[in-house]
Structures are given as structure tokens and as C-alpha cells.
Amino acid sequence: MDMLKGKTAIVTGSTSGIGLGIARALAARGCAVMLNGFGDAAEIARIKDGLAAEFGVRTAYAPADIGDAGQVKAMVDQAAEELGSVDILVNNAGIQFVAPVEEFPIEKWQQVIAINLSGVFYGIHHALPRMREKGWGRIVNIASAHGLVASVSKSAYVAAKHGVVGLTKVVALETAGSGITCNAICPGWVLTPLVQKQIDALAEREGIPLDAAKKKLLGEKQPSGSFVTPEQLGEFAAFLCTDAAAEMTGAALTMDGGWTAQ
Ligand code: NAD
């Protein structure tokens with residue numbers, strides 16, 4: 001795992017949840033990490049300084065809105081300037097909105113597509129030339145089980161995540177043989193703020209306690225009956241960045257407790 005020492009990584013949406021798990025795993029292997037995402041400024045500074053102190057790596061933070069192409073470009077330029085390069089790009093930032101398709105607000109559709117799909121394109125578009133210059137790069141897109149299968153009331157999210165899987169394949173073909181790989185990870189349920197909101201809504205809708213809502217949510221989709229963790233996804237993403245994974249590219253890889261095996 002020493003092979004990642006000294007590499008530089010941008011992890012979008014890394015102030016919380018899965019992105020933070022991936023940022024930690026890469027920092028633990030000696031990568032300098034550019035954090036991104038929203039949240040309380042003091043909390044973000046604590047995360048940034050904490051990772052630097054714990055793992056002895058350089059860290060930086062960009063407040064870029066991933067749905068905005070110009071801000072994504074500025075983040076990539078900032079990473080190159082402050083950290084020296086962009087070797088690894090983890091496109092993780094994402095949001096959810098749930099409503100039946102005929103009630104789905106147009107502006108919510110546009111927002112989900114902008115952040116969950118267009119943002120992934122913006123990141124790759126701007127970071128790839130820097131990887132090509134070095135003849136090495138790793139792009140890891142955090143898609144979802146919803147990149148492979150659908151659920152009701154998630155039209156924008158499912159469309160965006162299927163789009164991410166398709167984009168991953170195109171980028172893999174365009175970079176094949178160049179030392180750069182591009183893969184998608186398709187997680188099942190992970191207990192993060194994004195999912196906690198859905199648990200809260202389920203508990204309220206059905207008038208059941210939160211624990212029962214958690215079990216019901218898992219029971220509907222995830223045969224293992226347990227949540228995937230940000231730590232497990234961090235290890236998975238870090239593996240994709242190693243030389244052992246140099247021939248893995250264009251893949252949509254599940255870590256979903258059996259969700260998509262059904
Ligand atoms: P989360 O809500 O805990 O974290 C999302 C992160 O993205 C936060 O850091 C947030 O600040 C950031 N973010 C949101 N909008 C942004 C924007 N416009 N620009 C920049 N940053 C922004 O969510 P999570 O569950 O950790 O989700 C991370 C990714 O994993 C998402 O792409 C999500 O779709 C995907 N995913 C999550 C699950 C799950 O069960 N939690 C399952 C499959 C896939």
C-alpha cells in the first residue's frame with residue numbers, strides 16, 4: 001500500500017459520510033488530500049487539520065459546489081497548486097431527493113443531475129489532462145446500487161447514477177493503456193446523513209420507531225441485513241488506486257450486501 005505514498009487526491013463531498021471514509025483511507029496510505037463539501041467551517045477545519053496530524057500528510061479544502069463547472073475547475077487548479085498535482089480523483093459528492101416522477105419538482109431534478117452526474121463529468125474533464133501529463137491516474141466514481149437497478153420515487157438519482165456508470169465506461173475506454181483507470185463503486189445502504197433522512201421519513205410515514213425503520217429499510221433491499229460502512233468503502237476505493245488494480249477499468253463494482261444479486 002506504500003505505492004500511494006506521496007500521491008495527491010481530490011475527494012469530493014468529503015466533509016461527511018462515505019467521502020470522509022475514503023479521504024481517511026487515502027490519507028492513511030500517505031496521500032495528500034484535497035477535501036471538498038459543505039458544512040460548519042470549524043468542523044471542516046477540524047477534519048482537515050485532524051487528517052494532516054494523524055497521518056502526516058498535506059491536506060487542503062475547497063468549498064466548490066460540484067454542480068458548478070467553474071467551481072470544479074477552480075478546485076482542480078487549487079489542488080494542483082497547493083498539493084502539487086492531481087493523481088487521484090474520487091467523485092463522491094451527491095444528494096438525494098425522493099418523490100414520484102409526476103410530482104418530482106423540476107428544479108430538484110436539475111439539481112440532482114447537476115451534482116450527481118454533471119459534477120462527475122466536470123471533475124474528470126478538468127483533472128484528466130493533469131493525469132495524462134504524468135501517465136498515471138485513478139478515477140473512482142461513487143455511483144450506487146441505483147446505478148445498476150432502480151427503486152420507486154428516485155427518478156433523478158437513478159438516472160444520474162446509471163449515467164455515472166455509463167460515463168465511467170467511456171472514460172475507461174478513452175484512457176485505456178495510458179496508466180489511468182476509471183471505475184465506479186456501487187454501494188448499497190450506508191448509514192450516513194443522506195440515508196438517515198430517508199430513515200427518519202420512513203419512521204414518520206409509517207409511525208414506527210427509528211430502529212424499526214432502519215430494519216425495514218435494510219430488509220427491503222439489502223439481504224445482508226447490515227449497512228455497508230464508510231471505512232469499508234474507503235478500503236475499496238484505496239485498493240482501486242493501487243497498482244494491483246491497474247488492469248481494473250470501466251467496471252461498476254458493487255459493495256451492497258447482496259442488493260443487486262437478487
Ligand atoms: P452525505 O450526505 O453524508 O455526504 C455528502 C457529501 O457531499 C457531503 O460532504 C456534502 O457536503 C457534499 N455535497 C453535497 N452537495 C454538494 C455539492 N453541491 N458540492 C460539493 N459537495 C456537496 O452522503 P453519503 O451517503 O456519504 O453520499 C456520498 C455519495 O455516496 C453520494 O454520491 C451518494 O449518492 C453515494 N451513495 C450513498 C449511499 C448511502 O447509502 N449513503 C449508497 C450508495 C451511494
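The values are calculated or read from the model by the stated rules, or taken from the named source; none is laboratory data. Note that the structure is predicted; figures quoted are calculated from it, not measured. All Cβ positions, even for glycine, are placed from backbone atoms using ideal geometry, and neighbour counts span all protein chains on display. Heavy atoms of the whole protein, side chains included, go into the accessibility calculation; ligands, DNA and RNA do not. Shrake-Rupley method; radii C 1.70, N 1.55, O 1.52, S 1.80 Å.
Confirm whether V164 is open to solvent by less than 50 Å² (accessible area, probe 1.4 Å) and in a helix (DSSP H, G or I).
Yes, satisfied.
Given the residues A143, A159, which is the only one that is within 17 Å of the chain's Cα centre (by Cα), open to solvent by 30 Å² or more (accessible area, probe 1.4 Å) and within 15 Å of the ligand (Cβ to nearest atom)?
Criteria check complete, one pass: A159.
Looking at segment 84-116 only, could you name the residues that are within 30 Å of K5 (Cβ to Cβ), more than 12 Å from the ligand (Cβ to nearest atom) and open to solvent by less than 30 Å² (accessible area, probe 1.4 Å)?
Answer for segment 84-116, where residues must be within 30 Å of K5 (Cβ to Cβ), more than 12 Å from the ligand (Cβ to nearest atom) and open to solvent by less than 30 Å² (accessible area, probe 1.4 Å): S85, V86, D87, I88, L89.
Are any residues in segment 145-161 under 16 Å from D256 (Cα atoms), assigned to a helix (DSSP H, G or I) and of a type outside the set (A, V, I, L, M, F, W, C), and if so, which ones?
Of everything in segment 145-161, those that are under 16 Å from D256 (Cα atoms), assigned to a helix (DSSP H, G or I) and of a type outside the set (A, V, I, L, M, F, W, C) turn out to be H146, G147, K161.
Could you check R132 against (1) open to solvent by less than 50 Å² (accessible area, probe 1.4 Å); (2) over 30 Å from K197 (Cα atoms) and say which number it fails?
(1)
I'd like the full set of residues that are outside any helix (DSSP H, G or I), closer than 14 Å to I142 by Cα and open to solvent by 60 Å² or more (accessible area, probe 1.4 Å), limited to segment 231-262.
T254
Does any residue of segment 175-184 turn out to be within 28 Å of P223 (Cβ to Cβ) and either more than 16 Å from the ligand (Cβ to nearest atom) or not aromatic (F, W, Y) (or both)?
yes
Please give the strands (runs of 3 or more DSSP E) falling wholly within segment 1-83 in which 1 or more residues are within 12 Å of the ligand (Cβ to nearest atom) and surrounded by fewer than 24 Cβ atoms within 10 Å (Cβ to Cβ).
59-62
A quick yes/no check of all residues on (1) without any contact (Cβ under 8 Å) to a residue 12 or more places away in the chain; (2) in a helix (DSSP H, G or I); (3) not assigned by TED's automatic domain parsing to the domain that holds A74:
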{"site": "K108", "(1), (2), (3)": "no, yes, no"}
{"site": "L128", "(1), (2), (3)": "no, yes, no"}
{"site": "M131", "(1), (2), (3)": "no, yes, no"}
{"site": "V170", "(1), (2), (3)": "yes, yes, no"}
{"site": "S178", "(1), (2), (3)": "no, no, no"}
{"site": "L194", "(1), (2), (3)": "no, yes, yes"}
